[in-house]
Amino acid sequence: MKCEAPKHPRRSLRIPGYDYSEVGPYFVTICTKYQKHMFGKIIGDEMQLNDMGQVVVQEWITTAQLRPYVQLDEFVVMPNHFHGIIAIIGGECRGTARRAPTAFGKPTAGSLPTIVGAFKSAVTKRINELHCSPGGIVWQRGYYEHIIRDEKSLDRTRENIIYNPLSWSLDRENPDRQGEDQFDQWLASFKSRPEQRKELE
């Protein structure tokens, strides 16, 4: 999953015409602009978050607190990207939280693009306030997602997230990577691979 014109791009596994406000779990990955290491360092196979990394964690947790129709699962903040499993579970309060427009038109209340866009905007705002850097860019545009369809895929995705710091040497976002990641190869095996979604931020 390279960000910003990568040599080995992982495209979104988005299905044309799919309703991304559908109830169910999704695996999302969001990369920093230019793969910049902003959120901390891997030290001794553990991710050591800095103040910006802590903001990412706090805002991800807030994502579910603001939205009764959202449930969070495993997630991890890495030096230059974020992985998380987020489930849309339905409910009457969908669409009442912060919204972000998308390049495809008006925001769809309670949809994955709206949720992710609002999370990215909140993180950017807080980091810029923290570092007195108004207008600073934290994330690359868009994000990557994969629809998790069964328990086996959910378990595999959870395992990848939990052990992501341990496999940093194989991570596609690591400029010094030393091999191929099996989880990345598994994701690449899916046939429906449209381009990455872009949203206005």
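Values in this text are rule-based calculations from the coordinates and carry no lab data. No experiment lies behind these values; they were computed from the predicted model shown. Cβ: placed from backbone, ideal geometry, glycine included. Neighbour counts: every protein chain shown.
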Review point. What residues qualify as long-range amide H neighbours of Trp139, i.e. H under 5 Å apart, gap of 5 or more or another chain, H built at 1.01 Å from N?
Key: Lys33
Review point. For segment 120-181, what ratio Rg/Rh do Cα atoms give with a Kirkwood hydrodynamic radius?
Key: 1.10
Review point. Across segment 24-188, how many lysine pairs separated by 8 or more positions, or lying on different chains, have Cα atoms within less than 28 Å?
Key: 10
Revision key, fill the gap. Going residue by residue through segment 72-78, the Karplus relation 6.51 cos²θ - 1.76 cosθ + 1.60 with θ = phi - 60° gives ³J(HN,Hα) values, rounded to whole Hz and with x marking Gly or Pro, of 9, 10, 5, 8, 8, 9, 10
Study note, to complete from the structure: For the pair Gln58 and Cys132, the simple spin-label estimate (label points 7 Å beyond Cα toward Cβ) gives in nm 1.9 nm
Practice item. Select from Ala109, Gly90, Leu166 the residue farthest towards the positive end of the dipole of segment 24-188; place +1 on Cβ of Lys and Arg, -1 on Cβ of Asp and Glu, and compute about the Cα centre. Key: Ala109
Review point. Which whole-Hz ³J(HN,Hα) couplings does segment 24-40 yield from phi under the Karplus relation 6.51 cos²θ - 1.76 cosθ + 1.60, θ = phi - 60°, glycine and proline marked x?
Key: x, x, 10, 9, 10, 10, 10, 10, 6, 4, 6, 6, 5, 7, 10, 9, x
**Study point:** Most to least packed among 76-84, 167-175 [average Cβ atoms within 10 Å]
**Key:** 76-84, 167-175
Revision key, fill the gap. dims of segment 24-188, Cα set, principal axes, largest to smallest, nearest Å -> 46, 44, 27
